Amino acid sequence: MIRRRPSIPAPGSFRVRAAGPASQSGGQNLPAQLTLSDDGRFAYLANHGPDTIAVFDLTTDTPIVVGEYGLGTVRRITSTRRSPVA
């Protein structure tokens with residue numbers, strides 16, 4: 001009988017351990033960017049829609065939301081391509 005080794009993510013990758021809401025705010029939410037702390041204990045998730053940053057504690061089996069911080073009025077900057085002036 002061949003035994004399989006448990007799946008271990010490669011360095012620089014991660015696996016989904018649990019799923020839950022990315023924001024406690026009502027309305028539409030579009031999770032945008034996930035960043036991990038240098039020590040891997042926390043995840044920071046940018047939420048478009050409510051314009052918040054959610055902080056997750058990753059030291060337990062299931063990530064726990066430990067805070068959600070509003071960014072106030074966020075000005076989104078978009079680039080527009082202009083035609084050269086003749």
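Tabulated values for the structure
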{"read-out": "Cβ-defined net charge surrounding ALA43, 14 Å radius [Lys, Arg +1; Asp, Glu -1]", "value": "-1"}
{"read-out": "Cα gyration tensor, region 30-70 - rounded (a/c under 1.5), prolate or oblate", "value": "prolate"}
{"read-out": "Environment charge of GLY26, counting only residues whose C-beta is closer than 14 Å and scoring Lys/Arg +1, Asp/Glu -1", "value": "-2"}
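Quick note: the coordinates plus some simple rules give every number you see, no bench work behind them. Because the structure is a prediction, the values reported are computed rather than measured. Cβ: placed from backbone, ideal geometry, glycine included. Neighbour counts: every protein chain shown.
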